[in-house]
Amino acid sequence: MSRLNEKLDFDAIVIGGGFSGIYAVHRLKNELNLEVCAFEKGGHVGGTWYWNRYPGALSDTESFVYRFSFDKELLQDYSWTHNYLKQEEVLEYLTHVTERFNIKDQFRLNTKVIKVRFNEEEYCWEVTTNKMETFTARFLITGLGLLASVHLPDIPGLDNFKGQYYHTARWPQDAEYKGKRVGVIGTGSTGIQLITKIAPEVDHLTVFQRTAQYTVPLGYRKQTKEEIAEIKENYDEIWETVRNSVTAFGYPDTETSALDVSEEERERMFEEAWSKGNGFRFLSHVFNDLSINPESNEAAANFIKKKIHEIVKDPETAQKLTPTEPFARRPCADKGYYATFNRENVTLVDIKENPIVEVTEKGIRTAEGEHELDVIIFATGFDAMDGNYKKFDMIGRNGINLKDKWKDGSRSYLGIMESDFPNMFMSRAPLSSFTNNPPAIESELGWAIDLIKHLKDNNLKTAEPTKETVDDWYNLCLETSKGTLFHKAQSWIYGANIPGKPFSLRFYMGGMGNYNKELEKRGFKELVFDKVPEKITSL
Ligand code: FAD
Ligand code: NA7
């Protein structure tokens, strides 16, 4: 392996050991032959699937496309048993990938990056870790995670609680909750999985719900060997569909609007989607306009509301579980969430009507009284997309700190680069595509790694977008999001879940197919190469 610049410690430094970090290290090391080092603050690779070990943690992308597509043999050799993957199965898969492609040793675990700085004189990144070591590299790849910066709400009195409390994304292996009085705060995708799983295992479960959720059945089931063999035979076609579709979930797109069909036919199609399962299929692949046309959206929302009232026996509980927002968050899917509220040992507390006042020694006190608990579980989500980018100093040209640059809303070029941050390539960052993640990671980092190859082959030192191209990308993202209803829901997609966070667009909503077309159309022609630092030009 020959180094690009002998003065530097590495050719490339990668931060993060999830899907993104693993993909980046593999391609940089094994295809570009670069010397690579990766830092991961966790004790194992896996990212999301290392941290989120809560009971019931499961992918809601189907198994056949919640994986890398870059290696045909890997696709054929590695298998699965059910149509969705449990947390430990994704973790095993990612561990296998690092071993199979001989990249395990590149990851320095339990090592947190606490500062990065672009050195304009040496055209390199300096990366400092919590071990107070600083390393240099020409390229920096940040796979810090889009849903990885934990959000633990600031509820008064938490320190006084005599029981245990856990956040789902920091779930300890020895967590004790079985047979206990458990309170869960949060009913997003995670809360829905957790609540359904633990309700039969605990003495009593109190669910503190702020916003009622739409969720459809997941349709979790075992897949036969024949079904899996058929998928494997057709993988080329499947990935073609994935890369050209809206959601990249492996389902074909549809041209039919919910308003193109009669009411009876619409109900029949919703019913069919309900029985097949999957939130993304329900939202985006039965009709093409549920997330853009208020009337179509309302038809879908009403269908789910009707289901809630059919499933939940107590009308008051059913009413509390009925959403009032449009059906416009990241869709949830479940294994019997609404029916869980028919259990004798489950209580629903609507904290919009009856707010949490404080955590006491014994439990949670709401405006209407105290709920005694042994365990409190926070399923309260993440400071999504840019949370981890603001946790440490990331210094680009002229001392510009990324958190200052992003203080009114985060920006990027293609979801991958930012002006003033040459040779820094982000994965799943603000203004990347709102899709199934592994194919998006392969698209974004695929483009970035091709660019690194281009720099290497042409003896170029740096590439970066201008502020104008970053603004253009933001404007295109705004344009593509205009029709959608996602801004009508107070979710992490716009940053509404974090107090004080600017409400702003954080995704390219044009779909995977169009995103890939943008990458192809633009290539590298909008970038500036080997920009001379301002200090030198002004001499
Ligand atoms: P992550 O897997 O989040 O990895 C980022 C890593 O960076 C982390 O391990 C973190 O420790 C590390 N890191 C961050 N900052 C630093 C630092 N300063 N120094 C060192 N290390 C650092 N997506 C789907 O498409 N389908 C699904 O079904 C799905 N299910 C999900 C279920 C849950 C419970 C959650 C939380 C997310 C889910 N997601 C799903 C989103 C999921 O995050 C992505 O699919 C994918 O795993 C992201 O991979 P990543 O490598 O980009 O980020
Ligand atoms: P989400 O979807 O952000 O859900 C978090 C939940 O926690 C949601 O119900 C929130 O209510 C609730 N929440 C957040 N803060 C508070 C406070 N302060 N008080 C009460 N309730 C609160 O996170 P998830 O982990 O479920 O899912 C995130 C993604 O990760 C998901 O899309 C999957 O891909 C995995 P709110 O709705 O904001 O009123």
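The values are calculated or read from the model by the stated rules, or taken from the named source; none is laboratory data. Since we're looking at a predicted model, the values are computed, not measured. Note that each Cβ is placed from the backbone with ideal geometry, even for glycine, and that neighbours are counted across all protein chains shown. The protein model used for the area step is the full one, side chains on, heavy atoms only, and it has no ligands, DNA or RNA in it. Shrake-Rupley method; radii C 1.70, N 1.55, O 1.52, S 1.80 Å.
Using the beta-carbon distance between Ile311 and Ser262 and R0 = 22 Å, what value does 1/(1 + (r/R0)^6) give for FRET efficiency, to the nearest 0.05? Using R0 = 22 Å, I get an efficiency of 0.30. Site pair His454 and Lys352 shows an inter-label distance of 4.7 nm when each label is modelled 7 Å from Cα along Cα→Cβ.
The shape of segment 248-369 can be summarised by an equivalent ellipsoid whose semi-axes, obtained from the alpha carbon gyration tensor, come to 33, 15, 14 Å from longest to shortest.
Segment 319-395 and segment 400-422 have Cα centres spaced 31 Å apart.
Quick one: which of Lys115/Lys521; Lys276/Lys305; Lys407/Lys531; Lys197/Lys305 span more than 29 angstrom between C-alpha atoms? Walk me through the numbers before you get to the answer.
Values: Lys115/Lys521 34 Å; Lys276/Lys305 18 Å; Lys407/Lys531 26 Å; Lys197/Lys305 22 Å.
As for pairs spanning more than 29 Å Cα to Cα, those are Lys115/Lys521.
Look at the Cα gyration tensor of segment 471-539: its axes a ≥ b ≥ c give a/c of at least 1.5 with a/b at or below b/c, and that counts as oblate.
Projected over all directions and averaged, the alpha-carbon convex hull of segment 181-239 occupies 6.2 nm². Let me make sure I get this right: for segment 175-319, a, b and c are the square roots of the gyration tensor eigenvalues over alpha carbons, sorted descending. Under 1.5 in a/c it's rounded, otherwise prolate if a/b > b/c, else oblate. Which is it? Note, shape of segment 175-319 comes out oblate. Using the average count of surrounding beta-carbon atoms within 10 Å as a protection proxy, the listed peptides 276-284, 513-521 rank, highest first, as 276-284, 513-521. Solvent-accessible surface of segment 262-352, averaged per residue with a 1.4 angstrom probe and all protein chains in place: 45 square angstrom. Here the extension length gained between Glu240 and Thr466 equals 78.1 nm, from 0.36 nm per residue of separation less the Cα-Cα distance.
Carbon and sulfur together cover what percent of the accessible area of segment 226-368 at a 1.4 Å probe radius? If you can, show how the numbers build up before the last one.
Values: 3150 of 6960 Å².
Heavy-atom surface of segment 226-368 belonging to carbon and sulfur, 1.4 Å probe: 45 percent.
Ligands, DNA and RNA are left out, and with a 1.4 angstrom probe the accessible area of segment 2-123 is 37 Å² per residue. Report for segment 111-242 the percent antiparallel among DSSP-assigned beta bridges with both residues inside it, nearest 5. Around 65 percent of the beta bridges assigned by DSSP in segment 111-242 are antiparallel ones.
Note that segment 245-254 has calculated 3J(HN,Hα) couplings of 9, 6, 9, 6, 8, x, 9, x, 6, 10 Hz, one per residue in order, obtained from phi through the Karplus relation 6.51 cos²θ - 1.76 cosθ + 1.60 (θ = phi - 60°); glycine and proline are x. Quick one: Debye curve from the alpha-carbon atoms of segment 387-450 only, equal weights, vacuum; give me log10 I(q)/I(0) at q = 0.28 Å⁻¹ to two decimals. With one equal scatterer per Cα and no solvent, log10 I(q)/I(0) is -1.27. Each label point was placed 7 Å from the Cα along the Cα-to-Cβ direction; for Ala339 and His82 their separation is 1.5 nm.
Remark: segment 388-399, residue by residue, has Karplus-estimated 3J(HN,Hα) of 6, 6, 9, 7, 9, 6, 10, 10, x, 4, 6, x Hz, where x stands for each Gly or Pro and the curve is 6.51 cos²θ - 1.76 cosθ + 1.60 at θ = phi - 60°. Approximating the spin labels as points 7 Å out from Cα along Cα→Cβ, the Asn398-to-Glu372 distance works out to 6.3 nm.
From the Cα gyration tensor of segment 74-170, with a ≥ b ≥ c the square roots of its eigenvalues, which class applies: rounded if a/c is under 1.5, or else prolate if a/b is larger than b/c, or else oblate? Can you show the working numbers first?
Values: a/c = 2.62, a/b = 1.07, b/c = 2.44.
The shape class here is oblate.
Note on segment 249-398: dipole from Cβ charges, positive end direction compared against Leu283, Phe249, Pro331; the farthest Cα belongs to Phe249. Of the whole protein surface, Thr224 contributes about 70 Å² of accessible area at a 1.4 Å probe radius. Considering only beta bridges that DSSP places wholly inside the chain, some 40 percent are antiparallel.
One Cα centroid belongs to segment 497-527, the other to segment 163-199; the line between them spans 33 Å. For segment 1-99, the share of accessible area belonging to carbon and sulfur comes to 43 percent (1.4 Å probe, ligands and nucleic acids excluded). The three principal axes of the Cα atoms in the chain give end-to-end lengths of 74, 56, 45 Å, sorted in falling order. The charge dipole of the chain, taken about its Cα centre with unit charges on the Cβ of Lys, Arg, Asp and Glu (plus for the first two, minus for the last two), comes to roughly 1040 debye. In sequence order, segment 114-130 has phi-based couplings of 10, 6, 10, 8, 8, 8, 6, 6, 9, 6, 9, 9, 10, 10, 10, 10, 5 Hz under the Karplus curve 6.51 cos²θ - 1.76 cosθ + 1.60, θ = phi - 60°, and Gly or Pro positions carry x.
Peptides 295-308, 55-68, 434-447 ordered by packing proxy, namely the average of other Cβ atoms within 10 Å per residue, highest first: 434-447, 55-68, 295-308.
Which order do the peptides 172-180, 131-139 take when ranked by the mean count of other beta-carbon atoms within 10 Å per residue, highest first?
Working: 172-180: 12.2, 131-139: 17.4.
Most protected by this proxy first, the peptides run 131-139, 172-180.
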